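Dropping a structure here in structure tokens format, bear with me for questions.
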Amino acid sequence: MHNAFWDHLKEQLSATPPDFSCALELLKEIKEILLSLLLPRQNRLRIEIEETLDMDLLKEEAKHGALKIPSLSKYVLNMMALLCAPVRDEAVQKLESITDPVWLLRGIFQVLGLMKMDMVNYTIQSLQPHLQEHSIQYERAKFQELLNKQPSLLNHTTKWLTQAAAELTTSPPTCPDTSDSSSVAGPSPNEAKNPEPLSPTMVLSQGFLNLLLWDPENEEFPETLLMDRTRLQELESQLHQLTIMASVLLVASSFSGSVLFGSPQFVDKLKRITKSLLEDFHSRPEEAILSVSEQVSQEIHQSLRNMGLAALSSDNATSLMGQLQNIARKENCVRSVIDQRIHLFLKCCLVLGVQRSLLDLPGGLTLIEAELAELGQKFINLTHHNQEVFGPYYTEILKTLISPAQALETKVESV
């Protein structure tokens, strides 16, 4: 309610005799909010509120100038203390110290508004599993309707999974339980000769990872993921930014050692600088990375001097600038390794979950652990929902790609 209402209420209650028309309007709204906060089983409280705030009775009392605003406010406060969430206890207690009747009613109305939002949020959280299940069933039913009209609707999806299976057959990437970064370079000779049997999880994980490397000109995007394409592109952009950031931090740390990079504040500062200067990297990579290299070099130089340490030699400073600027090239060695390791981390997230994957981060990624956790969780959430909706279709396609012997072998080994 606007300030004009409360000013008008104050004038009415201060009049002789007092006018209770605004107060009655307010009490009616307060009653409705209190009733909306009740759970279905709280019948006794419902009856009590209906009787205490009986509007017909209150109108009669107001007509005879006998409406007791202080006692009604006290009753409402007691009811609020009973119904509010713990987070609102302090706010309700503060209201009890207000003596001015108008300010008290105003405070009651404001806190009740917060309590009403608490109830809305609680209801949404309670219904979320049911809403999610309904969403899954609805999306699947709509897709099935389209599939009935267009039997070829899964052609691109089938091709996408077939390619993922083929990649695993020729060079099966691993998701190690150790931090041995050598796995990034590819399988060992023994693994190449004896590849692990394919499983639906492996093929789907590889397929989802391939979407983060999708060629924009390739129009054969999987039909089952068209609705998620924008979100996947956002994840791809975030992954690309993290690759450049981690590359910059890795190169910088090799020149300044653990003294500077042992400080979380220093690392966070370099992250902020790098992130802000990389906004134009996609359109102007050389210029953006030049700005990054200059700023990072300056920060390292200034921090070493502030700590009373020897500054970088001119040769080291020149080498640092050169190595940082080389990150702009896609074929840059550091950038390529970091990119492969982030993809390996995301694959592990799909198989093991984010927390377990964080336990054994490959070298060079520890400085962006928080950012990787956020990226990994977003990726998991997207792929999990997609599998919930389209899982039956993926199962049928994968049956044609994975032989029964492979599926059985995988199943036995997983037990």
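How far, in nm, would the chain grow between LEU146 and ALA85 when pulled straight, counting 0.36 nm per residue and subtracting the alpha carbon separation?
Working: separation 61, 0.36 × 61 = 21.96 nm, distance 4.60 nm.
Using 0.36 nm per residue and subtracting the Cα-Cα distance, I get 17.4 nm.
In addition: Can you give the FRET efficiency to the nearest 0.05 for ALA311 and GLU331, using r as the Cβ-Cβ distance and R₀ = 35 Å?
Working: r = 32 Å, r/R0 = 0.91.
After rounding to 0.05, the efficiency reads 0.65.
Roughly how much of LYS116 is accessible, in Å² to the nearest 10, using a 1.4 Å probe?
Ignoring ligands and nucleic acids, LYS116 comes out at about 100 Å².
Strictly over 24 Å apart at the Cα level, which of LYS31/LYS94; LYS10/LYS94; LYS63/LYS94; LYS275/LYS378; LYS74/LYS116 would you flag in this model? Please list the in-between numbers first.
Numbers: LYS31/LYS94 21 Å; LYS10/LYS94 21 Å; LYS63/LYS94 32 Å; LYS275/LYS378 19 Å; LYS74/LYS116 19 Å.
Over 24 Å apart, Cα to Cα: LYS63/LYS94.
Hey, what's the per residue convex hull volume over the C-alpha atoms of the chain, in cubic angstrom?
Spelled out: Cα convex hull of the chain, divided by residues, is 250 Å³.
Sort ASP7, ASP360 by accessible area with a 1.4 Å probe, largest first.
On the way: ASP7 90, ASP360 60 Å².
Of ASP7, ASP360, the descending order of accessible area is ASP7, ASP360.
Top to bottom by accessible area (1.4 Å), largest first, where do TRP6, TRP214 land? Provide the component values of the computation, followed by the final result.
Working: TRP6 10, TRP214 35 Å².
Largest accessible area first, the residues go TRP214, TRP6.
I would also like to ask the following. If the elastic network links every pair of Cα atoms under 10 Å, which of ILE69, ILE380, ILE397 fluctuates the most in the Gaussian network model of the chain?
Greatest mean-square fluctuation among the candidates belongs to ILE69.
For LYS159 paired with GLU374, estimate the spin-label separation in nm (one decimal), with each label point 7 Å from Cα along the Cα-to-Cβ line.
Simple spin-label model gives 3.6 nm for this pair.
So, one more: Considering only protein heavy atoms, what per residue accessible area in square angstrom results for region 275-415 with a 1.4 angstrom probe?
Numbers: 7750 Å² over 141 residues.
Computed with neighbouring chains in place, this is 55 Å² per residue.
In degrees from 0 to 90, rounded to the nearest 10, what is the angle of the helix 314-326 Cα long axis to the longest principal axis of the chain?
So the helix axis and the longest Cα principal axis differ by about 80 degrees.
Give me the Kirkwood hydrodynamic radius of region 1-46, using the inverse of the mean 1/r over all pairs of distinct Cα atoms, in Å to one decimal.
12.3 Å
Before anything else, pin down the relative contact order of the chain: Cα pairs under 8 Å, at least 6 apart, normalised by residue count, whole percent. Spell out each step's value before the answer.
Details: 317 pairs, mean separation 68.5, N = 415.
Relative contact order here is 17 percent.
Rank LEU290, LEU346, LEU38 by mean-square fluctuation in a GNM of the chain with C-alpha springs under 10 angstrom and give only the top-ranked residue.
Largest GNM mean-square fluctuation: LEU38.
Below 8 Å between Cα atoms, with a sequence gap of 6+, how large is the relative contact order for region 1-124 in percent? Working shown, then result.
On the way: 74 pairs, mean separation 33.1, N = 124.
It rounds to 27 percent for region 1-124.
Also, quick follow-up: Leaving out ligands, DNA and RNA but keeping every protein chain, what accessible area does CYS333 have, in Å² rounded to the nearest 10, with a 1.4 Å probe?
Roughly 100 Å² of CYS333 is accessible to a 1.4 Å probe.
Still on this structure, I have one more. Roughly how many Å² is the accessible area per residue of region 1-118, as a whole number, for a 1.4 Å probe? Don't skip to the end; give the middle numbers.
Numbers: 6970 Å² over 118 residues.
Using a 1.4 Å probe on heavy atoms only, each residue of region 1-118 averages 59 Å².
In Å, what is the Rg of the alpha-carbon atoms in region 226-404, and how long is Dmax?
Over region 226-404's Cα set, Rg and Dmax evaluate to 19.2, 67 Å.
To the nearest 10 degrees, how steep is helix 404-414 against the longest Cα principal axis of the chain, on a 0 to 90 scale?
Orientation of helix 404-414: about 70 degrees from the principal axis.
Now a separate question. Mind computing the radius of gyration and Dmax over the alpha-carbon atoms of region 1-124? Å is fine for both.
When restricted to Cα atoms, region 1-124 yields Rg and Dmax of 14.5, 47 Å.
Roughly speaking, what is the stretch gain from GLU234 to ARG284, that is 0.36 nm per residue apart minus the C-alpha to C-alpha distance, in nm to one decimal?
Values: separation 50, 0.36 × 50 = 18.00 nm, distance 1.89 nm.
The GLU234-ARG284 span can extend by a further 16.1 nm.
Same structure, new question: Please find, in a Gaussian network model of the chain (springs between Cα atoms separated by less than 10 Å), the residue of SER14, SER126, SER319 whose mean-square fluctuation is greatest.
SER14
With axes computed from alpha carbons, what is the tilt in degrees of helix 369-401 against the longest principal axis of the chain, rounded to the nearest 10 within 0 to 90?
That helix lies at roughly 80 degrees to the long axis.
How much of the accessible area of the chain, in percent, comes from carbon and sulfur atoms when a 1.4 Å probe is used? Don't skip to the end; give the middle numbers.
Numbers: 12660 of 23540 Å².
Reported share for carbon and sulfur atoms: 54 percent.
With a 1.4 Å probe and every protein chain left in place, tell me how much accessible area HIS343 has, in Å² to the nearest 10.
20 Å²
Let me ask something else. Give me the percent relative contact order of region 232-325, please, defined on Cα pairs under 8 angstrom at least 6 residues apart.
On the way: 62 pairs, mean separation 27.9, N = 94.
It rounds to 30 percent for region 232-325.
The values are calculated or read from the model by the stated rules, or taken from the named source; none is laboratory data. Computed from a predicted structure; not experimentally measured. Virtual Cβ from ideal backbone geometry, glycine too; neighbours counted across all protein chains shown. Each accessible area value is taken on the protein alone, full model and side chains, heavy atoms only, with ligands, DNA and RNA left out. Shrake-Rupley method; radii C 1.70, N 1.55, O 1.52, S 1.80 Å.
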